[in-house]
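What follows is calculated from the coordinates using simple rules that are stated; it is not laboratory data. Because the structure is predicted, anything quoted here is derived from the model rather than measured. Here Cβ is always computed from backbone atoms with ideal geometry, including for glycine, and neighbour counts include all displayed protein chains.
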Amino acid sequence: MRPPLDEPEFSRWREEADRALGGAAREAEARNHNWSCFLAEQAAQLAVKALLHGLGRAPWGHDLEQLTRAVGEAGVELSDEVTSAARLLARHYIPARYPDAHPAASPGSRYVADDSAAALRAAEALLGFVDRTWRSLG
């Protein structure tokens, strides 16, 4: 038997996911593509954590692929689209922010519009998955 759903905790985390996604879109418009990619990853991470909190699971860490697997371990079916989106976004957690992740260059010089567009699509896919899953549980 599944523990009762925690709507307040889900909502608290899910609202922050929307804020991060909005920031990712604004950074893409400003051509700060590395920050757009990082914020898209953060939006997805917050949404996945919202689902885990809502399910009564205590998410730990920042690895989006691992967090998404934890959703699967909670009994939620993960599509290839969801796992691919998590994999794409997980790659932006560190390199999008730190100059020492790129030999002889800064993150801002290594990210382009196609990167932020792909990250935004992946984040939107993960947020949509979280929302559909949450509605199906209620």
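Round to a whole angstrom and tell me the spacing of the C-alpha centers of region 19-50 and region 92-115.
Spelled out, the Cα-based centre of one part sits 15 Å from the other.
Please give the net charge around SER36, taking every other residue with its beta carbon less than 15 angstrom from that of SER36, where Lys and Arg add +1 and Asp and Glu add -1.
Net local charge, SER36 excluded: +1.
Taking 0.36 nm per intervening residue step and subtracting the Cα-Cα distance, what contour gain separates ILE94 from GLU81 on full extension?
Between ILE94 and GLU81, full extension yields 2.4 nm more.
Among 70-81, 87-98, how do they line up by average Cβ neighbours within 10 Å per residue, starting with the highest?
87-98, 70-81
So how do 119-126, 25-32 stack up, highest first, on mean other-Cβ count within 10 Å?
The packing order, highest mean first, is 119-126, 25-32.
Based solely on its DSSP helices, what 222 nm [θ] is calculated for the chain when runs of n ≥ 4 H residues each add -39,500 (n - 2.57) and the sum is averaged over all residues, nearest 500 deg cm²/dmol? Present the calculation step by step, with values, prior to reporting the outcome.
On the way: 6 runs with 95 residues, N = 138.
My calculation for the chain gives -23000 deg cm²/dmol from helical runs alone.
I want to verify the translational diffusion coefficient of the chain in µm²/s; compute it with Stokes-Einstein, Rh as the Kirkwood radius over Cα pairs, at 4 °C and 1.567 mPa s.
86 µm²/s
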